[in-house]
Amino acid sequence: MSPKTLYDKIWDAHLVHEDADGTSLLYIDRHLVHEVTSPQAFEGLRLAGRPVRHPEKTIAVPDHNVPTDPTRIQGIRDEQSRIQVEALRENAREFGIEMYDVDDVRQGIVHIIGPEQGWTQPGMTIVCGDSHTATHGAFGALAHGIGTSEVEHVLATQTLIQSKSKNMLVKVEGKLPPGVTAKDITLTIIGRTGTAGGTGHVIEYAGSAIRELSMEGRMTVCNMAIEGGARAGLIAPDEKTFDYVKGRPHAPKGAAWEAAVDYWKSLRSDAGAHYDKVIEIDAAEITPVVTWGTSPEDVLPITGTVPAPEDFEGGKADAARRALEYMGLEAGQRLSDIEIDTVFIGSCTNGRIEDLREVARVMEGKRVKDGLRAMIVPGSGLVRAQAEEEGIAQKLQEAGFEWRMAGCSMCLGMNPDQLSPGERCASTSNRNFEGRQGYKGRTHLMSPAMAAAAAVTGKLTDVREMM
Amino acid sequence: MEKFENLTGVAAPLPMMNVDTDMIIPKQFLKTIKRTGLGVNLFDEMRYDREGAENPDFVLNQPQYRDAQILVTGDNFGCGSSREHAPWAIKDFGIRCIIAPSFADIFYNNCFKNGILPIALPQDQVDRLMKDAEKGSNARIEVDLEAQTITTSEGEVIPFEIDAFKKHCLLEGLDDIGQTLEKGAAIDAFEARARAERPWL
Ligand code: SF4
């Protein structure tokens, strides 16, 4: 048999049917739904009189719309948000789907609670009506975002019509320098390949620097596979993965656990497997980075300066001109001179416990600069509870951070947490698109450590200077 | 689903690359629980000012493009989120065909589920169509899905590629779910096999 990649193996294990032209029916092991991309799918089922084939393979959680202040338990004030969350609740009840509701401590961002509940396991196919489903690839699961029509298709059939993507390998070898984190790896890769570099591919992240990462770090890397244009990101599971999954509520137990681990150990690319595209990056060369523009590919080391449109060719020069105007920046300006108004720490990229610990480490003995709005939105109620138990929450509040309830929050500003026009934010989220965090808001993406450093000085700051 | 047959219409030029789903339909319009009605908010932040007044410079506000059925645009169109609200808004506005050098993956697939035809062409051909589109309402472009050709206002014929299955579904207006349910026996067989091989699932 010819050598296979990890992606090939998971694909083959889930192939229900393949047409002559390669159009395939792929079995889906796990489905996650949230309130924004599912109402039309459930409505479609109702109209066609179709049941959900396997309600037990789906979980539901509201995250995009939910306010992050504690009064939300008394009801969501924004009427449309409330209707969407109520629709999810109603649909979950009608179709028999388990839901982690707003008042449940386990509620949080869908891509945080999947792994947290042991719902995400190696070798699975996992989908959600949300592009950052790629996050779950950190466990060696084939996980990707789907549209609402596909949500309906999966609910009705537990399968998805797909054609196979190409294989792409991104290898990061070596040791990360101090102050450089998983977020810097993933942003650096996108800076290198561009937002369309992975289009049509599934990326497998490999190399010693990736293996060295914690599960949280691996999730950060896979989370942004979509910003690099890839369908999904994957990391081969290892002992760290198994340790993370073990004992979680939905994880296999007893003999089933042993059988599962045996199988999971086979989930790695064979020697000599073919990749259509290979990118190699030396970990030692990665530095703390920030974005300067309105595309996640607009990445530069914090020691750099704002580029000029003339530095680019073709359509990218126009895009850069527009981005500089939108961001209110001048070519040649030092990135570390850029002043910010807001710091947002959270999102499915960096809203996990390790991210909060990292922020706490940088903030040790320091304070948020006076006048700055700095908010921390834990990725789930359980992350929040753990940070409180570890004493991190109290320390960060004393340092001047707001301590919010779990949700997507200012990652996309669908709830009241938004930037005002012209406001500039150091953000640990994954998208710096125009208007993403609020109308005319300006976003600089970076790691939690870098966002913490910016909170201290009120400017984009090289965290290495604080170490 | 609505069938896609031949289309002859005005093409609106939007010469921008990396047009993302937040630009196509900003998130404040995602709070709907319906599929329709999003067309008025298509490209909202470029199309209107804060008070809701039309920006006269934006292409879809110009009289000759108000009824555009085709959009000619730049690389990596539809990048960003998986939200199907983006194709819903495009369709609701009346655009049925998008021509660009490349598309973001999920958006590309979502188009087909909603009766929209996305066509990827080499940059030089897109440039040619962009010029054609800039001529406004006198320049009608013809898209023939069956023959897989685009005919410019000057009669030039440009062929395009499309996946055979996707083409078939668009032409027939086929519902994916109905088709898959016909493969119920294969799904049952797969589930029985998977239960034996991976019982922990
Ligand atoms: S945190 Fe942001 S990127 Fe992640 S699911 Fe929520 S809105 Fe999407």
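Values quoted throughout were computed directly from the atomic coordinates according to the rules given, and no laboratory measurement underlies them. Note that the structure is predicted; figures quoted are calculated from it, not measured. Don't worry about glycine lacking a Cβ; one is built from the backbone with ideal geometry, like all the others, and counts go over all protein chains shown.
A few comments on the model shown:
- Choice from B:182, B:84, B:134 showing the highest fluctuation, given a GNM over chain B with Cα pairs closer than 10 Å: B:182
- Between the residues A:435, A:451, A:383, the greatest Cα displacement towards the positive end of the dipole of the range A:329-467, with unit charges on the Cβ of Lys, Arg, Asp and Glu, is found for A:435.
- Derived scalar couplings ³J(HN,Hα) [the range A:106-123; Karplus, 6.51 cos²θ - 1.76 cosθ + 1.60; whole Hz; x for Gly, Pro]: 7, 5, x, 5, 3, 7, 8, 6, x, x, 4, 8, x, 6, 8, 9, x, x
- Mean Cβ neighbour count within 10 Å, used as a protection proxy, ranking A:304-317, A:65-78, A:108-121, A:187-200 highest first: A:108-121, A:187-200, A:65-78, A:304-317
- Taking amide H as placed 1.01 Å from N in the peptide plane, the amide H of residue A:130 sits under 5 Å from that of A:146, each at least 5 places away or on another chain.
- Between residue A:402 and residue B:147, the modelled labels are 6.0 nm apart [label points 7 Å from Cα along Cα→Cβ].
- Ignoring aspartates and glutamates fewer than eight residues from residue B:135 along the same chain, the ones with Cα atoms less than 17 angstrom from its Cα are B:57, B:67, B:127, B:154, B:156.
- Take every DSSP beta bridge whose two residues both sit in chain A; close to 25 percent of them are antiparallel.
- Chain lengthening between residue A:467 and residue A:262 when straightened (0.36 nm per residue, less Cα-Cα): 69.6 nm
- Mean separation of Cα contacts under 8 Å (6+ apart) over length of chain A, as relative contact order %: 17
- Selection from A:48, A:38, A:61 lying farthest towards where the dipole of the range A:36-97 points positive, charges on Cβ: A:48
- Protection proxy ranking for A:142-152, A:286-296, using the average of other Cβ atoms within 10 Å per residue and placing the highest first: A:142-152, A:286-296.
- Distance between the range A:445-467 and the range A:26-67 - C-alpha centres, whole angstrom: 39
- Under the convention that each Lys and Arg Cβ holds +1 and each Asp and Glu Cβ holds -1, the size of the dipole of chain A around its Cα centre is about 280 debye.
- Antiparallel %, DSSP beta bridges [both residues in chain B], to 5: 45
- Averaged over the residues of A:125-131, the number of partner chain Cβ atoms lying within 10 Å of the residue Cβ comes to 3.
- For residue A:443, residues with placed amide H under 5 Å, excluding near neighbours: A:425
- D_trans [Stokes-Einstein, Kirkwood Rh over alpha-carbon pairs] for the protein assembly as shown, 10 °C, 1.306 mPa s, µm² s⁻¹: 63
- All lysines inside 28 Å of residue A:240 as judged from Cα atoms, apart from same-chain residues fewer than 8 positions distant: A:4, A:9, A:57, A:166, A:171, A:175, A:183, A:253, A:265, A:277
- Note on B:18-24: average number of Cβ atoms from other chains within 10 Å of each residue's Cβ is 5.
- Shielding of B:183-191 by partner chains, average beta-carbon count, 10 Å: 4
- Other residues within the sphere of radius under 13 Å centred on the Cβ of residue B:3, judged by their own Cβ, net out at -3 (K and R +1, D and E -1).
- Centre separation in Å (Cα based) which lies between the range B:27-41 and the range B:122-201: 24
- The 3J(HN,Hα) values that the Karplus relation (6.51, -1.76, 1.60; θ = phi - 60°) gives for the range A:262-279 are, in residue order, 4, 5, 4, 5, 7, 8, 8, 5, 6, 4, x, 5, 8, 10, 6, 8, 10, 10 Hz. Gly and Pro appear as x.
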